[in-house]
Amino acid sequence: MIFGIRIFGAKNKDEKVKKNPYSLLQKSLIKKTMKLTLGFSPCPNDTFIFDALIHHKIDTEGLDFEVFYDDVETLNQKAFRGELDVTKLSYHAFAYVADKYVLLDSGSALGYGVGPMLICKGNEDELHAQLASSNPQLKIGIPGKYTTANFLLSYAFPNATNKVELVFSDIENAVLEGRVDVGLIIHENRFTYQDKGLKKILDLGDYWEKQTGCAIPLGGIVANRNLPVDVQHKLNRVLRKSVEFAFANPKSGLDFIRSHAQEMSEEVMYKHIDLYVNKYSVDLGEEGRKAINLLFDTALKNNTIPQIKEELFLTSLTH
């Protein structure tokens, strides 16, 4: 993080106040600034919610950002190393870095019908039966070891351990080319796999919802615990304002979103946004926190995450 001073409309320092009626106004516009490193994915849901923040379409309360665009597993790995001040990461990965980062109330991707999916090229029923067997040998392409998608795969099929880590955008092609037998897809691929002749074996989000009755927590925004607590809360405020601005002005960031969306059509872009950006993105609320706690409690019982000692959620700032 970098501290500095931003001065708007500064005049000659020798000019006296009485000759410059705007001096007091100019002094009031002198703001102490803090530059923070920020990581999020180039996916439409992230660019949608962060557009107003990084382009100063809202009051960022003196915060400025150096932005890094990475796929979610790369962001997870950066979080393990504590590289960024603020970052998007998988909830599965968050369990491993709760000592380094605290979860913000805004910016999360939770919901119903938003989960990762297992897809294939062959007979989906036969492959489902093999996955559910005691010793499945199927090779599964996953978007990262520490993604929430991989946690859900282990939750549904604990014996399915023959996994190959791939960049999420390559998984469909890996299935089509026979490099893997089954693909675990996330993000916009849930809108495109059928167009490529691929079939759904199981919607893991739907499976989680039926088992628990809770929304599925996919990813959240965390702040480095080394940041001052008041800065953590400032981040929470400005991120919420950014999400609210995006909801109020959904086309405002269209060019920015499209510039990171590769070959995605505008229709698919906004389907993606509608799916992953919702009330939990504005504020987790009690319901969102309950879902996250349940995810971690379940993972602890299955011995898939370490014991967490820290408070997960950003607590109220005491003045």
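The values are calculated or read from the model by the stated rules, or taken from the named source; none is laboratory data. All of these numbers come straight from a predicted model, not from anything done at the bench. Cβ placement follows ideal geometry from the backbone for every residue including glycine, while neighbour counts extend to all protein chains displayed.
Does any residue of region 185-205 turn out to be modelled with pLDDT of 95 or more and among the basic types (Lys, Arg)?
yes
Please specify each residue of region 168-181 satisfying the condition of being outside any loop (DSSP other than H, G, I, E, B) and either among the basic types (Lys, Arg) or more than 19 Å from the chain's Cα centre (by Cα) (or both).
Answer for region 168-181, where residues must be outside any loop (DSSP other than H, G, I, E, B) and either among the basic types (Lys, Arg) or more than 19 Å from the chain's Cα centre (by Cα) (or both): ASP170, ILE171, GLU172, ASN173, ALA174, VAL175, LEU176.
So in region 92-133, with the set limited to residues that are among the charged types (D, E, K, R) and not assigned by TED's automatic domain parsing to the domain that holds SER169, which one is nearest to LYS200 (Cα to Cα)? Explain how you work it out, then say what you get.
First pass over region 92-133, keeping only residues among the charged types (D, E, K, R): 99-100, 105, 121, 124-126.
Narrowing further to those that are not assigned by TED's automatic domain parsing to the domain that holds SER169: 99-100, 105.
On the way: ASP99: 37, LYS100: 37, ASP105: 33 Å.
The selected residue is ASP105.
Among the residues of region 275-284, what is the count of those that are modelled with pLDDT of 95 or more and either on the phi > 0 side of the Ramachandran plot or among the aromatic types (Phe, Trp, Tyr) (or both)?
Number of matching residues: 1.
Give the residues of region 290-319 that are without any contact (Cβ under 8 Å) to a residue 60 or more places away in the chain and either more than 22 Å from LYS234 (Cβ to Cβ) or surrounded by 19 or more Cβ atoms within 10 Å (Cβ to Cβ) (or both), sorted by residue number. Lay out the reasoning, then the answer.
Of all residues in region 290-319, those without any contact (Cβ under 8 Å) to a residue 60 or more places away in the chain come to 293, 297, 300-301, 303, 307, 315-316, 318-319.
Within region 290-319, ASN293, ASP297, LEU300, LYS301, ASN303, GLN307 meet the criteria.
Which one is surrounded by the fewest Cβ atoms within 10 Å (Cβ to Cβ) among residues in region 205-244 that are assigned to a helix (DSSP H, G or I) and among the basic types (Lys, Arg)? Write out each step before concluding.
Going residue by residue through region 205-244, those that are assigned to a helix (DSSP H, G or I) are 205-212, 229-244.
Pick out the ones that are also among the basic types (Lys, Arg) and you get 210, 234, 237, 240-241.
Values: LYS210: 9, LYS234: 19, ARG237: 17, ARG240: 20, LYS241: 18.
Only one residue fits best here, namely LYS210.
Here are the criteria: (1) assigned to a helix (DSSP H, G or I); (2) under 20 Å from the mean Cα position of the chain (by Cα); (3) not small (Gly, Ala, Ser). Tell me which single one ASP297 does not satisfy.
For ASP297, the exception is condition (2).
Being more than 21 Å from the chain's Cα centre (by Cα), surrounded by 19 or more Cβ atoms within 10 Å (Cβ to Cβ), outside the structural domain of HIS260 (by TED's automatic domain parsing) and not in a loop (DSSP other than H, G, I, E, B) is true for just one of LEU202, LEU184. Which residue is that?
LEU202
Of the numbered conditions (1) over 13 Å from the mean Cα position of the chain (by Cα); (2) within 17 Å of LEU38 (Cβ to Cβ), PRO116 fails exactly one; give the number of that condition.
If we test PRO116 against (1) over 13 Å from the mean Cα position of the chain (by Cα); (2) within 17 Å of LEU38 (Cβ to Cβ), just (2) comes out false.
Looking at GLN307 and the list (1) under 20 Å from ALA109 (Cα atoms); (2) in contact with a Leu (Cβ under 9 Å, 6 or more places away or on another chain); (3) of a type in the set (S, T, N, Q), which single condition is not satisfied?
(1)
Residue pairs, Cβ under 9 Å, 6 or more apart or interchain, first in region 237-265 and closer than 23 Å to ARG190 by Cβ, second among the hydroxyl-bearing types (Ser, Thr, Tyr) and assigned to a loop (DSSP other than H, G, I, E, B). List them.
VAL243/SER106; ALA246/SER252; HIS260/SER41; MET264/THR192
Does region 254-267 contain any residue that is crowded, with 21+ Cβ neighbours inside 10 Å and assigned by TED's automatic domain parsing to the domain that holds HIS92?
Checking region 254-267: at least one residue is crowded, with 21+ Cβ neighbours inside 10 Å and assigned by TED's automatic domain parsing to the domain that holds HIS92.
When you check VAL180 against the structure, is it over 20 Å from CYS43 (Cα atoms) and without any contact (Cβ under 8 Å) to a residue 40 or more places away in the chain, yes or no?
no
Kindly indicate which of ASP71, ASP99 is of a type in the set (Asp, Glu), modelled with pLDDT under 95, over 14 Å from LEU235 (Cα atoms) and surrounded by fewer than 22 Cβ atoms within 10 Å (Cβ to Cβ).
ASP71
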